[in-house]
1. Spot the failing condition for residue 253; the list is (1) within 30 Å of residue 132 (Cα to Cα); (2) surrounded by fewer than 17 Cβ atoms within 10 Å (Cβ to Cβ); (3) of a type in the set (Gly, Ala, Ser), and only one is missed.
2. Any idea which of 75, 106, 102 is of a type outside the set (Ser, Thr, Tyr), free of Cβ contacts under 8 Å to residues at least 12 places away in the same chain and more than 29 Å from residue 240 (Cβ to Cβ)?
3. Looking at 100, 49 in this structure, which one is closer than 18 Å to residue 4 by Cα and either of a type in the set (A, V, I, L, M, F, W, C) or modelled with pLDDT of 80 or more (or both)?
4. Just to be sure, is residue 226 surrounded by fewer than 17 Cβ atoms within 10 Å (Cβ to Cβ) and of a type in the set (Asp, Glu)?
5. Quick one: in the range 286-308, of everything that is touching a residue at least 40 places away in the same chain (Cβ under 8 Å) and not hydrophobic (A, V, I, L, M, F, W, C), which residue is farthest from residue 143 (Cα to Cα)?
6. Keeping to the range 126-185, report how many residues are of a type in the set (A, V, I, L, M, F, W, C) and closer than 25 Å to residue 207 by Cβ.
7. Report whether or not residue 46 is free of Cβ contacts under 8 Å to residues at least 60 places away in the same chain, surrounded by 18 or more Cβ atoms within 10 Å (Cβ to Cβ) and either under 30 Å from residue 245 (Cβ atoms) or not hydroxyl-bearing (Ser, Thr, Tyr) (or both).
8. Within the range 172-190, is there a residue that is surrounded by 15 or more Cβ atoms within 10 Å (Cβ to Cβ), closer than 18 Å to residue 147 by Cβ, hydroxyl-bearing (Ser, Thr, Tyr) and at pLDDT 85 or above?
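The values are calculated or read from the model by the stated rules, or taken from the named source; none is laboratory data. Just so it is clear, the structure is predicted and the values come from calculations on it, not from any experiment. Don't worry about glycine lacking a Cβ; one is built from the backbone with ideal geometry, like all the others, and counts go over all protein chains shown.
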Amino acid sequence: MALGTAVTALGFIALGLACGVVALILLLLLAGAGSGAQHPLCASLVSKAYYGGPQRTALGIYNFSGDIGKMAVPLIAALIITELDWCASTVGYGTVGLLAALAVLLILTRCARVDAPVLTPDLATSEVHVGWGIRNPRGFGVLILIGMLDSASRTEFLTFLPFLLIAKGADVETVRLALALVFGGGAAGKFICGFLAERLGVVRTVILTELITYGGIVLLLPLPLEAALVLLPLVGLGLNGTSSVLYGSIAESFVPERRSRGFGLFYTLGTGAGVVSPFLFGSLGDRIGGNPGNVTSPYDGTALIAAAHLGHHEVVKALVDAGAPLDHVNNLGWTALIEAVILGDGGPRHIGRFGFFWRVAPKSRSSTARAGHPCSTLRCAITRRSRGSFAR
């Protein structure tokens, strides 16, 4: 665990000194590899310390404290960045991590020397185990499946929630607030559900948290923005609360000398499911529910208007091929054609994008002429650009 913390810390120090995108990506992978070792090992230590006692409660408190750190560290880093640049902040964070790695090494080494082995009933009657040491392979398989589904739904929800809120009219600040509400509810869920599992039992608590999660997600779809924001902390509670319950079951599924390996397997499979789920659900949504004409901004604009505004010519072509409406007018009175004319940079791609719309969008030209914005007619738009690139 000390080694993983040190690798993560060195990765952050190198990030602050790195140059180039490729170097940043490689160093982020290195830091992630180091930090990935901490969670299963820490969970194993906590479960060992509370073996035979309130194990799930302890794991819930451990998970809760981790979420507090996830919220506190970015806030502290943001405050530091206001005084220093991000490079100095990253190097400082890595230095603190190195000190933490040293502290972990000293503390765990001391504990290993002074703590006498505790002969639990499980250890007293166990024989030497080889391999993974899984006590109930079928039950562990079910546990892994629940964990993977839980992780997949969590990352998928966090990935697509901003798009859902934007479709309801949320701006960037509101999306930030929404994510903070989800994370706050998730931290509370990790803390509360550990206690619930000790009192209600594992199965009942998992059923309760999953009902809260999926029921809340279904309710979010038709609710207006204000009501959705009120519901988000409860969804976050269910979304993250299941993990505290499952961790205690992982500890019980393995013989004590193979517990760290069990946590590592559980986290690896769960994280893998979380990585691929946004891509899979996004692809599924594109096939069965994607509509290129959907409103995607608070200005009643479509993805085509946004792509024309930002100059993404390939995206514009793909959306047009998918049937995006060329004559959609946002609440500013602008179509995608007007966005391409007025907001372009005057470069070759800008001119090419204008020519593309002119060829394929006769309806857009007529809608532009009918729109009510004082500068929404095509003639007005071209006039505004006439002293720029088009005049050349």
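1. So the condition that residue 253 fails would be (2).
2. Numbers: 75 fails: more than 29 Å from residue 240 (Cβ to Cβ); 102 fails: free of Cβ contacts under 8 Å to residues at least 12 places away in the same chain.
On inspection, the qualifying residue turns out to be 106.
3. The match here is 100.
4. Yes, satisfied.
5. Ranking the qualifying residues of the range 286-308, first place goes to 298.
6. Qualifying residue count, the range 126-185: 17.
7. For residue 46, the condition - free of Cβ contacts under 8 Å to residues at least 60 places away in the same chain, surrounded by 18 or more Cβ atoms within 10 Å (Cβ to Cβ) and either under 30 Å from residue 245 (Cβ atoms) or not hydroxyl-bearing (Ser, Thr, Tyr) (or both) - is met.
8. Looking through the range 172-190, none of the residues is surrounded by 15 or more Cβ atoms within 10 Å (Cβ to Cβ), closer than 18 Å to residue 147 by Cβ, hydroxyl-bearing (Ser, Thr, Tyr) and at pLDDT 85 or above.
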